[in-house]
Amino acid sequence: MLLYVMIEHSSVSQTFVVTEAAAVRAAGVPVVGYALERGSAGQPAAPIDLVCAPPRIQRLVLVLAKMPRRCGQVLWAAKREHISLREAGRLLLAEAHADYVWPYIKELGVEHIHAHFLGRTADVAQALSKRLRCNWTATAHAADAYAQAEPALFRRWINDISGVACANERVQKAIALSASGMGLMTPVI
């Protein structure tokens with residue numbers, strides 16, 4: 001089973017995300033989705049089954065409050081890796097999402113996770129892949145490739161990711177250039 005991690009659902013701006021997931025399912029691969037936020041569109045562009053409703057921020061705060069040890073581990077790793085406070089906050093939020101969705105996916109047989117965009121969804125996919133002990137990939141489209149605001153997180157993703165599907169050659173070159181500038185190899189697919 002493939003788990004798609006997307007920013008929001010239902011969303012007009014992310015029509016291609018659910019359309020792609022539906023096409024993968026139509027090709028015979030079981031697909032489920034997890035959205036970080038509730039979207040504002042009334043109807044999804046294509047059918048995709050979400051494993052659970054997107055959490056509200058209050059729920060994520062409660063999840064974080066119940067995992068002080070994990071929060072400490074994340075903050076310690078962030079300090080060791082010279083990750084900024086802003087980026088460490090993103091990692092904590094990703095852990096909250098991963099713990100929130102864990103009860104819904106742990107028995108589904110998820111074998112691969114795909115994040116749409118190198119951003120918050122990649123944070124969550126990476127956290128979930130550790131729990132599930134599976135590979136993860138991401139799709140890069142535009143700003144996530146050209147204007148990386150979180151270089152330390154980019155380094156973590158590229159060191160851990162199985163592959164990056166790029167929207168076009170320009171995006172592929174931007175990702176490869178950023179990775180090589182950090183002395184990393186980019187698994188572009």
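Which of the lysines could a cross-linker span from Lys106 if the Cα-Cα distance has to be under 26 Å and same-chain partners fewer than 8 positions apart are dropped? Here the lysines satisfying the reach criterion relative to Lys106 are Lys66, Lys130. Simple rule: put +1 on each Lys or Arg Cβ and -1 on each Asp or Glu Cβ in segment 53-158, find the dipole, and look at Leu93, Gln73, Gly119; the Cα lying farthest toward the positive end is Gln73.
Taking 0.36 nm per residue of sequence separation and subtracting the Cα-Cα distance, how much length would be gained by fully extending the chain between Lys106 and Leu85, in nm to one decimal?
Values: separation 21, 0.36 × 21 = 7.56 nm, distance 3.02 nm.
So the extension gain works out to 4.5 nm.
Each of the peptides 108-119, 71-82, 167-178 was scored by the mean count of other Cβ atoms within 10 Å over its residues; in descending order, highest first, they stand as 108-119, 167-178, 71-82.
Note: relative contact order over segment 60-189, using C-alpha pairs below 8 Å and six or more positions apart, is 20 percent.
Given the Cα-Cα distance of Arg131 and Trp76 and 0.36 nm per residue of separation, how much length would full extension add, in nm? Present the calculation step by step, with values, prior to reporting the outcome.
Numbers: separation 55, 0.36 × 55 = 19.80 nm, distance 1.87 nm.
Going from the current span to full extension adds 17.9 nm.
Using the Cβ of Leu2 as centre and a radius below 14 Å, the other residues enclosed give a net charge of -2, where K and R count +1 and D and E count -1.
All of the numbers you see were taken from the coordinates with simple rules; none came from a lab. Here the structure is a predicted model, which means the values were calculated and not measured. Neighbour counts run over all protein chains shown; Cβ positions are idealised from the backbone, glycine included.
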